[in-house]
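Worksheet: one structure, shown below.
What follows is calculated from the coordinates using simple rules that are stated; it is not laboratory data. Not measured: the values here are computed from a predicted model. Cβ placement follows ideal geometry from the backbone for every residue including glycine, while neighbour counts extend to all protein chains displayed.
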Amino acid sequence: MRLGMGADIQRYARIGLWALPIYAATLFAGTITHQPPPQTELAGWSAYVTTNEFLFSHLIFSIGGAVFGVIGAVSLGIVLIGKGSVKLGLWGLLSGVTANVLGTSIYGIAAFAQPAIGRFYLAGNHAQAQNLYYDAAQGTPMDIVAVVFIVLLVTSFIVFGVGFARLALMPRWAGIGYAVSGPLFAVIGFALDNWIQSLAAVLMTATAVWMVIALRRPLSSGLPAVQSSPLPARTS
């Protein structure tokens, strides 16, 4: 009974792996356009965040994408654990799930509070809108949550990528590319706020698809993921 349940969990987890490239694709879709900096271009930023496209992007690609991020992290963690990479699978699962849960609070501020601030500015309340932005959308608590979110998100990509690359019979470059795409997207891309984020999301999507196809091979095929040392030859 327990073996059957374990096999079912692994089977459903391998199906859930498709959430990984979907999540990466939502990150790409959410970074096609970039908002003007509110610190120096509050008028342009206000016009940008009050559009329907901005709201749609955060509801579908950011908040909705985080759902796929959680499903993908749980699925990949279970599959890695089942293939013998217990510690990396567990830490990747925990950091990935926690990061995406924290991320939804940030996306919620962007989806609901920022448009309100933008409308407040466009109504002629310029100084008040600037102060409100720094208080509600970029206050110290928000900044702390954002830093923790980025650290955990990057950690999950690195841990998952390394865990995959260490599995036998798996394409190592897929894991390496996946591990690199996380810091490239969330650290370098976030700091530069330009096409680097989109490039990183493309790399993330491509390597995620590569990993999913490789991991969805039947469990009974090929050699075990963790191979033991060959037995010494018997002597007469």
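Values for this structure:
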item: Equivalent ellipsoid, the stretch 73-160 (semi-axes from 5 times Cα gyration tensor eigenvalues, Å); result: 38, 11, 6
item: Per-residue [θ]222 nm for the chain (sum of -39500 (n - 2.57) over DSSP H runs n ≥ 4, rounded to 500); result: -21500 deg cm²/dmol
item: Burial ordering of Met204, Met170, fewest other beta-carbon atoms within 10 Å first; result: Met170, Met204
item: Selected from Ala7, Gly64, Gly89, residue furthest toward positive end of dipole (the chain; charges at beta carbon); result: Ala7
item: Separation of alpha-carbon centers, the stretch 36-110 and the stretch 116-151, rounded to whole Å; result: 19
item: Linear extension gain, Lys87 paired with Val148, 0.36 nm per residue minus alpha-carbon span; result: 19.8 nm
item: Packing-based order for 78-84, 132-138, using average beta carbon neighbours within 10 Å, highest first; result: 78-84, 132-138
item: Size of charge dipole - the chain - debye, nearest 20, with Cβ of Lys, Arg +1 and Asp, Glu -1, no other charges; result: 1320
item: Charged-residue dipole, Cβ positions (Lys, Arg, Asp, Glu), the stretch 4-132 about Cα centre, Debye nearest 20; result: 400
item: Residue among Val154, Val74, Val187 with the largest mean-square fluctuation in a Gaussian network model of the chain, springs linking Cα atoms under 10 Å; result: Val187
item: Proxy reagent accessibility, fewest Cβ within 10 Å first, across Arg166, Arg172, Arg14; result: Arg172, Arg166, Arg14
item: Separation of the Thr33 and Ile176 label points, Cα + 7 Å toward Cβ, nm; result: 3.8
